[in-house]
Amino acid sequence: MKMKSEFLKRLLFYLALGYEAHRGRPNCVSSIEMAFSKKINISLLFIILFGLGTAYILVNEEPTKTKSPLPREDYCQNNHISDLPDCPFKEGAYLLPRHYPARGIFFGYTQDRDHMEMLKKLIQLANLRQPAPRLNLLIPRNEVEISHSSLQELPKGDLRSLVNMIPTPSDDTLWAQDYMEIGFDLEKKESFFLDLPYTEREGEGLPPALSLICKSPLEQQPLGRGEDFGNGDYGGNIESYPGHLILIGDNMAPATKIKLANLFKHQELVSINVNWLETGHVDELFSYLPNPINKNCPFMLNYASPKLAIELLNNTQSWEQFLTSYYYEKNLFLSDEYNRTDFSDCFSHSTINESEPLCRGLLDANMKYEDLIQKSLSHLQEKLNSKLGCSVPSNPLPLLFAPANPMSDYGTDQDYARSINPNPINNILIGENLVVARQANQAFQSITDEVIKATSIQPHYVNGNLMHYLSGGIHCTVNIIRACK
């Protein structure tokens, strides 16, 4: 009887997953209902046969001394990582900050070679810790065969064995950070997925699918009636900080803020101005690093600084080399829905022509952005200092922005500003190692390296041009399961 019951559960699970992939639907329960209520065609017949076969194999396969099935609870994360810090509280839900250890890493997939090189780097860094966290490669449903070939390029042996290939019901999985948040149940000591309103976009069905695959609880997304959800409700706009703080952008929908406040009751939401950005996420402007060297206040806050970027370009007279060092050049300004102004002529000489109205506008916009960032920095530092009982140091990293078009008043929600150089703030922390987008400008690279190495963190530089060209950053492509005890 137990065998039959397990068989039926497995059958329903794989029927749902298969039909979900077939229809691209995020709701497995409705997928089952539709599968049995509509006329079954040839592809659905294949799904049913696949479900029967897979369920039968999984139920009847006996463990041996050399091969035993991986417990489903361990499939997406390594629960054998035991040297964990104490949890901040005893009960409730918590969004753990990024200095907590990783048990699992979700990584968005694309065929781009530079992106695969970054995956190799993440595998190597994850393996520095033993036991190592599991690395889950999220495969779009139409790229399973291609991704299998890509996997053969990864390091062989133990390193490759760290990678789980997870076929998903989505056509796109690149922005793994945005689809969901991964919270932690402080009482049960287990992680859970918080589905975010990635409404009517590729990736919307990923959190429910991963909840099924990983056997992790799913917290449903906020569903406000008639309410608009957008970029402000994605994962890059929800970042946990020390001091029981969660940094969010002021472009977040009220329903999402209420959901976060009710779920993570131990943590305070701190809102900053991101409305002037094209993507509009807090991880574009701020990130922090653990800094145990500073015994009095063991954290360091880094922030994006257009002012520093302009000073470095002026001091090194490298405006001309700055833009042409990137492979996309003019496409940075031209290829999007906002009909962006082409500012590339401002980068045609070693120094910028401030008498040219277009270039003067570029400088004015960036100084306005610096002012907005400084106001947000003061607000965030005040909260951190109060919660931690110490003065958290801050350091600027160079980031130059371009508004969509010249205007008389910069810093509004009509700017749609995007960074011109790959964003060093938008980085990935794994233990004592930081993965950062490499800067082509030597002055930018040097100061980024200097700031990071002032802590005990070791930087590792990767090519982030693809994500940057797509108006994102390397942090947007990962989502990390963190844990405490």
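The values are calculated or read from the model by the stated rules, or taken from the named source; none is laboratory data. Keep in mind the model is a prediction, meaning the values are calculated, not measured. Cβ atoms come from the backbone with ideal geometry, glycine included; neighbour counts cover every protein chain shown.
Data for the structure
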| item | result |
| --- | --- |
| Given (1) surrounded by 15 or more Cβ atoms within 10 Å (Cβ to Cβ); (2) under 30 Å from residue 267 (Cβ atoms); (3) of a type in the set (Gly, Ala, Ser), index of the condition residue 440 fails | (2) |
| Filter result (over 13 Å from residue 94 (Cβ atoms), part of a loop (DSSP other than H, G, I, E, B) and out of contact with any Pro (no Cβ under 9 Å at 6 or more places or on another chain)) within region 244-270 | 250, 251, 252 |
| Among (1) surrounded by fewer than 15 Cβ atoms within 10 Å (Cβ to Cβ); (2) part of a helix (DSSP H, G or I), the one test that residue 296 misses | (2) |
| Residue that is modelled with the lowest pLDDT [pool: residues in region 340-391 that are hydroxyl-bearing (Ser, Thr, Tyr) and in contact with a Leu (Cβ under 8 Å, 6 or more places away or on another chain)] | 344 |
| Residue 150 at pLDDT 75 or above and buried (at least 16 other Cβ atoms within 10 Å of the Cβ) | no |
| Residue list for region 407-437, filter: buried (at least 16 other Cβ atoms within 10 Å of the Cβ) and either under 20 Å from residue 320 (Cα atoms) or among the hydroxyl-bearing types (Ser, Thr, Tyr) (or both) | 410, 416, 418, 419, 420, 421, 422, 423 |
| Residue ID - modelled with the highest pLDDT, chosen from residues in region 240-271 that are touching an Asp or Glu at 6+ places or on another chain (Cβ under 7 Å) and among the hydroxyl-bearing types (Ser, Thr, Tyr) | 271 |
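So that you can scan it fast, the table gives a plain yes or no per residue for (1) closer than 30 Å to residue 104 by Cβ; (2) within 21 Å of the chain's Cα centre (by Cα); (3) part of a helix (DSSP H, G or I); (4) without any contact (Cβ under 8 Å) to a residue 24 or more places away in the chain:
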site	(1), (2), (3), (4)
397	yes, yes, no, no
410	no, no, no, no
423	yes, yes, no, no
426	yes, yes, no, no
450	no, no, yes, yes
475	yes, yes, yes, no
